[in-house]
Amino acid sequence: MTDIIDELEWRGLIAQTTDLDELRKALADGPVTVYCGFDPTAGSLHVGHLTQILTLARFQHAGHRPVALVGGGTGLIGDPKPTAERGLNSAETVSQWVRVLGRQLSSFLRFPDDEDNPGPTDAILDDNAAWLSSMSAIDMLRDIGKHFSVNQMLARETVKARLNAEGMSYTEFSYVLLQSYDFVELYRRHGCTLQIGGSDQWGNITAGLELIRRMDDNEPHGPAHGLTTNLLTKSDGSKFGKTESGTVWLDERLTSPYAFYQFWFNTADSDVVRFLKVFSFRSREEIEELEHQTRERPASRAAQRALAEELTTLVHGAEECRKVVEASRALFGRAELTALDSSTLGAALAEIPTVTATTDEEGFPPLVDLFADTGLLSSKSAVRRAVQEGGLYVNNAKITDVDVRLTRDDAIHGCYVVLRRGKRNVSGVLLRS
């Protein structure tokens with residue numbers, strides 16, 4: 001059985017743990033059942049969830065049993081935000097999101113082939129609505145609330161911050177009771193003795209540990225444990241998982257596979273090795289070799305390419321990864337644009353500066369106008385000079401006459417034109433009738 005603690009420490013993932021020696025011993029004696037919860041606060045998981053999802057997968061690869069818990073019950077309440085009251089979603093919306101998150105989580109873990117005969121390390125997908133929705137208010141207050149100190153709850157950083165601002169509703173204040181009880185239920189149902197989460201979940205995790213001790217006296221599975229991972233930020237201090245266009249989602253309808261690939265490919269050299277350790281399943285030797293290549297030949301972007309291809313394949317599949325790699329190559333003149341399907345090319349153009357053009361009986365506006373309108377060059381005179389120097393391309397074909405006008409037949413799939421200046425500067429034109 002792999003020493004998962006050594007693995008997580010090398011990857012820089014461990015932020016806090018309960019008694020590390022006892023946890024290491026329990027894992028060595030395993031398999032241990034470990035869970036992480038995911039509340040349905042949106043219609044998809046995003047890249048910020050990948051740290052926890054992949055950590056669960058690492059535990060499974062190391063010979064332990066993961067439980068992915070979707071918060072169909074807690075999602076109706078919402079973990080308190082540090083700055084403002086969380087909006088409540090309808091029961092129908094939360095139920096729909098639970099199903100989506102369940103499908104997404106299922107693609108990262110190995111589940112039993114025969115549900116009636118699961119193996120000791122086969123994953124479990126659960127929903128806390130199964131026990132929270134049937135619990136009465138009286139039961140919650142008598143059986144759970146009795147074990148919580150209001151003084152300790154008021155001392156929590158999120159609570160203090162909110163009380164010093166506009167205040168907090170009793171609904172959000174009570175969230176910790178529900179999440180703590182999740183640990184009790186999973187301890188009883190599945191023998192779960194380890195919860196993982198981001199470092200901002202440490203208070204909720206330790207509250208669950210204490211509730212197991214108080215309600216069940218740590219029987220029959222022995223003391224439970226907690227482990228948190230470091231919250232990820234970029235080296236420049238900006239928030240991980242955000243781009244200029246917003247959150248990077250795992251759902252291809254919200255973030256296209258091409259945009260997903262580019263998010264990882266655009267990782268800064270100062271971040272890429274750290275991200276490989278957190279998000280990749282590559283070995284230490286492979287990552288150290290990619291670190292060497294980044295240091296010695298940064299222009300090759302070998303580490304970024306490895307990271308982008310591995311994660312795009314993991315989330316969207318090998319075929320979608322192949323398409324987006326081919327699209328990236330085609331945009332920059334290293335493959336045929338006409339070989340790309342319409343949806344892949346459209347998704348790629350959505351990630352670069354694009355203008356809309358209207359055709360008339362003469363076709364598109366003159367190329368000199370299109371190149372200037374996209375911002376590839378600062379003026380029409382600059383466009384003419386670039387043509388004379390042989391540095392402008394339309395659909396990867398070099399342009400020798402800037403006064404030529406394209407027709408609809410020149411548009412790929414009848415609606416797309418790719419303009420390029422030199423090797424790296426690309427813009428798109430979307431044809432409108």
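Tabulated data for the structure shown
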| read-out | value |
| --- | --- |
| Cβ-Cβ FRET estimate between A161 and A335, R0 fixed at 60 Å, reported to 0.05 | 0.70 |
| Under 15 Å from the K398 label point (7 Å along Cα→beta-carbon), backbone N, the stretch 406-433 | 420-423 |
| Entries of K398/K423; K81/K277; K25/K277; K234/K277 with Cα pairs more than 18 Å apart | K81/K277; K25/K277 |
| Contour excess over end-to-end distance, with Cα ends at S235 and S379 and 0.36 nm allotted per residue | 48.2 nm |
| Residues A350 and T18, FRET efficiency given R0 of 41 Å [Cβ-Cβ distance, rounded to 0.05] | 0.35 |
| Relative contact order for the chain, counting Cα pairs under 8 Å that sit 6 or more residues apart, in percent | 14 percent |
| Isotropically averaged projected area of the stretch 279-433, using the convex hull of Cα atoms (one quarter of hull area), nm² | 10.5 nm² |
| Candidates Q388, Q179, Q16: whichever shows maximal mean-square fluctuation once the chain is modelled as a Gaussian network with Cα springs under 10 Å | Q388 |
| FRET efficiency, 1/(1 + (r/R0)^6) with R0 51 Å, evaluated for K242 and T407 via beta carbons | 0.80 |
| Prolate/oblate/rounded call for the stretch 293-384, Cα gyration tensor, a/c under 1.5 rounded | oblate |
| Estimated 222 nm signal from helices in the chain, with DSSP H stretches of n ≥ 4 weighted -39500 (n - 2.57), rounded to 500 | -12500 deg cm²/dmol |
| For M168, net neighbour charge (Lys/Arg +1, Asp/Glu -1) across residues whose Cβ lies under 9 Å away | -2 |
| Zone of H61's modelled label, taken as backbone nitrogen in the stretch 5-36 under 12 Å from a point 7 Å along Cα→Cβ | 7-8, 11 |
| Of the GluC sites (Glu not before Pro) in the stretch 262-348, those whose Cβ has at most 15 other Cβ within 10 Å and which sit in DSSP loop | E336 |
| The stretch 314-361: trypsin sites (Lys or Arg not before Pro) in DSSP coil with no more than 11 other Cβ atoms inside 10 Å | R334 |
| The chain: angle of helix 269-279 to the longest principal axis, Cα-based, in degrees nearest 10 | 50 degrees |
| Value of relative contact order over the stretch 352-418, rounded to a whole percent, pairs C-alpha under 8 Å and six or more apart | 33 percent |
| Solvent-accessible surface ranking, highest first, for D143, D39 at 1.4 angstrom | D143, D39 |
| Net charge contributed by nearby residues that have their C-beta within less than 13 Å of A302 (K/R +1, D/E -1) | -3 |
| Cα pair count fraction exceeding 37 Å, expressed as % - the chain | 37 percent |
| Environment charge of M140, counting only residues whose C-beta is closer than 14 Å and scoring Lys/Arg +1, Asp/Glu -1 | -2 |
| Percentage relative contact order, the stretch 294-433, counting C-alpha pairs under 8 Å, at least six apart | 24 percent |
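The values are calculated or read from the model by the stated rules, or taken from the named source; none is laboratory data. All values derive from a computational prediction rather than experimental measurement. Note that each Cβ is placed from the backbone with ideal geometry, even for glycine, and that neighbours are counted across all protein chains shown. Heavy atoms of the whole protein, side chains included, go into the accessibility calculation; ligands, DNA and RNA do not. Shrake-Rupley method; radii C 1.70, N 1.55, O 1.52, S 1.80 Å.
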